Each structure stands twice: as C-alpha cells, then as structure tokens.
Amino acid sequence: MIVAEDADPVAAGLACATRKYRNSRQVCTSPTRFFVHESLCRPFTEAFLEKARSIRVGTGWIPTRRMGPVADHRRVDALEALTAGAEAKGARLSRQAAEPRGLFLPADGVCGPAG
C-alpha cells in the first residue's frame, strides 16, 4: 500500500489496519507493507496501531471478538518469523498486552523504515 503526501493519514491508517487484519491476515490480498510519505508517518502509524489494538481476538461465539484464529500452526510460525525478521532489521514491534494463545494471535504492528 502506498500512502502519498496528499492522503489523509488518519483515514489511511484506519483503512489499512482494517484491511490488514481482515480474515486474520490470511488472504492473498492482505497488505504486508505500507509505504507512507515521511510527513504522514506519525499520524498514520498512530491511527493504524490504535485500530490494531482495538481488534479483540477470540472465538466467534463471543460477540466482542473481531478476529478469529489463524488456520494452523504453520501460519503461526510464518507470522512469528516475519515479525522476528523485521525486528532483526531494526523495526519496532507494537504488541498488544495479550500474548499469542494457540492459534489466536493478537493484531500486532511492526514499524520501521523500509530497508
């Protein structure tokens, strides 16, 4: 996703987070990288992370839950490897208070410059 200089950074951050975490990050159209104009980075990131932190993970039987489990443990491993790889390259992780539980992974955000 590209967020150009003339975009509304808050609207873009909220929309990008919504699309990122739809279907528990498991669709081929789920964006994995966001290229944000440097002048918009802070408000975009704050809006994105605010939305991500509001997503409650859990079984669909609980009405307040908005994101279900990932498909299997291979997907857990893949998502954790992506996060670890980004951190190894200097990105910062914004993790929800809840730790992963089985196939239920919190909607985390990884922030940092492209590189």
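Each value in this text was obtained by applying a stated rule to the coordinates, not by laboratory testing. Treat the numbers as computed from the prediction; the structure is a model and nothing was measured. Here the Cβ is made from the backbone with ideal geometry for all residues, glycine too, and neighbour counts use every protein chain on show.
Here are some notes:
- Taking label points 7 Å from Cα along the Cα-to-Cβ direction, residue 54 and residue 92 give a separation of 2.2 nm.
- The HN-Hα couplings worked out from phi for region 53-63 by the Karplus form 6.51 cos²θ - 1.76 cosθ + 1.60 (θ = phi - 60°) are 5, 7, 7, 8, 9, x, 5, x, 6, 9, x Hz, whole numbers, x standing for Gly and Pro.
- GNM on the chain, alpha-carbon springs under 10 angstrom: the most fluctuating residue among 22, 101, 66 is 101.
- For the chain, the longest principal axis of the Cα atoms and the long axis of helix 73-88 meet at an angle of about 30 degrees.
- Here, the chain has an Rg and a Dmax of 14.1, 42 Å when only alpha carbons are counted.
- With 0.36 nm allotted per residue and the present C-alpha distance subtracted, the residue 30-residue 66 stretch has 11.3 nm of extension available.
- Residues in region 47-66 that a label on residue 10 would reach, taking backbone N under 19 Å of a point 7 Å out along Cα→Cβ: 47-55
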